[in-house]
Amino acid sequence: MAKKIVLTGGGTAGHCYPNLALVPALSKKGYDITYIGSYNGIEKELVKAAGITYYGVAAGKLRRYFDIKNFTDPFRVIKGFSEAKHILRVLSPDVVFSKGGFVAVPVVRAAASMKIPVVIHESDMTPGLANKLSYGVAKKICCSFKDTLPLIPKDKGIFTGSPIRSSLLNGDPVQAKKFVSMREGDYPYLMVIGGSQGAKNVNEAIRSALPQLTERYNVIHLCGRGKLDPTLNRTAGYMQYEYISDELADLYALADVVVSRAGSNAIFELLALKKPNLLIPLGTAGSRGDQLKNAAAFEKSGYSKVLLEENADNATLLNAINEVYDNRDSYISVMASAPENGAVNSIVDVIETCI
């Protein structure tokens, strides 16, 4: 009889992609895989595209700030718990694996109430609120960063790194060149990634420095939905896209240096691909500061250079990108020996021990 696993996590693509990264290895081990997410979150679209059976439950967002929905969302969580319990009773999985996000809380709690083992993965340096609420019922907690281990129950934490989709590792730079169709010549490729929603400050910094950047680089800019600048469409050495999906692996393969936010998924993809990178983390004004800590850890390990967005004027941005590119061989060498590589197999091994 096949082993059964339920994957859960949602709210952002970042809570879904690591789950999907585990699917090939779990399938190879003979697991029957099902996903529980929110009714209409981004994870639903991604999971169904991967051909995995999907169930939606009610979810209430866990906010750290005042909002009128704070009074109604607890009832959604209670409803989600009831729905998740019914689904788990029907599926009867051997284990639940949670990537976090607000939708995971009722699923994890329902699994625990039914004595189904739960494994959690914490992506960021500091634990998110949804995962914190689930730690007490988890059997094991996998961590992307070693420095996270002291922040979680010591008998549960395991350093694994962050799982990366294997499809990203097989990009073709020749296909990428055909796709972007940029100028020929001795121009290294600079790829700029602001996340699925784009990053306003990063976009503005890059576009402000374009005259200097395009003197040396071909710039591929993934700027986010609704954030294209049509006045730059004819700029030599510059191509902008709202969002890239199928061609992303090829673009990664083509890139000589990458500028990125410092979300956990993004930086671990850069590490796995050994891409020299400049991180411009989201600050505390727009987040709980997890990207600042993620970026600092990667800079300390020698995987990245960090530029705070408040310091990203034309001169500092250009100098930082040039410094990373000029020292790219050193960055690649350090990343090649990173202990965080191989996270998929490490996490699947943890899951196996919990059944």
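In this structure, Thr148 does not satisfy being outside any helix (DSSP H, G or I) and not assigned by TED's automatic domain parsing to the domain that holds Ser260.
Across segment 181-206, the qualifying residues are those that are out of contact with any Gly (no Cβ under 8 Å at 6 or more places or on another chain) and surrounded by 20 or more Cβ atoms within 10 Å (Cβ to Cβ), and the one among them that is nearest to Thr235 (Cα to Cα) is Ile206. The residue that is surrounded by the fewest Cβ atoms within 10 Å (Cβ to Cβ), counting only those in segment 1-44 that are part of a helix (DSSP H, G or I) and of a type in the set (Ser, Thr, Tyr), is Ser27. The selection criterion, being over 16 Å from Val95 (Cα atoms), of a type in the set (S, T, N, Q) and modelled with pLDDT of 95 or more, holds for Ser82. Annotation note: Cβ proximity below 7 Å between a residue of segment 129-145 that is on the phi < 0 side of the Ramachandran plot and a residue that is in a loop (DSSP other than H, G, I, E, B) and aromatic (Phe, Trp, Tyr) (sequence gap 6+ or interchain) occurs for Ala130/Phe102.
If you go through segment 127-140 one residue at a time, do you hit one that is charged (D, E, K, R), more than 20 Å from Ala262 (Cβ to Cβ) and touching a helix residue (DSSP H, G or I) at 6+ places or on another chain (Cβ under 7 Å)? Checked segment 127-140: at least one residue is charged (D, E, K, R), more than 20 Å from Ala262 (Cβ to Cβ) and touching a helix residue (DSSP H, G or I) at 6+ places or on another chain (Cβ under 7 Å). Would it be correct to say that Thr126 is assigned to a helix (DSSP H, G or I), surrounded by fewer than 22 Cβ atoms within 10 Å (Cβ to Cβ) and within 18 Å of the chain's Cα centre (by Cα)? Criteria not met by Thr126.
Within segment 92-119, the set of residues being aliphatic (A, V, I, L, M) and surrounded by 18 or more Cβ atoms within 10 Å (Cβ to Cβ) comprises Val95, Val96, Val103, Ala104, Val105, Val107, Val108, Ala110, Ala111, Ile116, Val118, Val119.
Pairs meeting the criteria (first residue in segment 38-51 and within 16 Å of Ile87 (Cβ to Cβ), second residue at pLDDT 95 or above and surrounded by fewer than 14 Cβ atoms within 10 Å (Cβ to Cβ), beta carbons under 9 Å, at least 6 apart or on different chains) are Val47/Thr53.
The values are calculated or read from the model by the stated rules, or taken from the named source; none is laboratory data. Small disclaimer: the values here were computed from a predicted structure and weren't measured. As a convention, Cβ positions derive from the backbone with ideal geometry for all residues, glycine included, and neighbour counts pool all protein chains shown.
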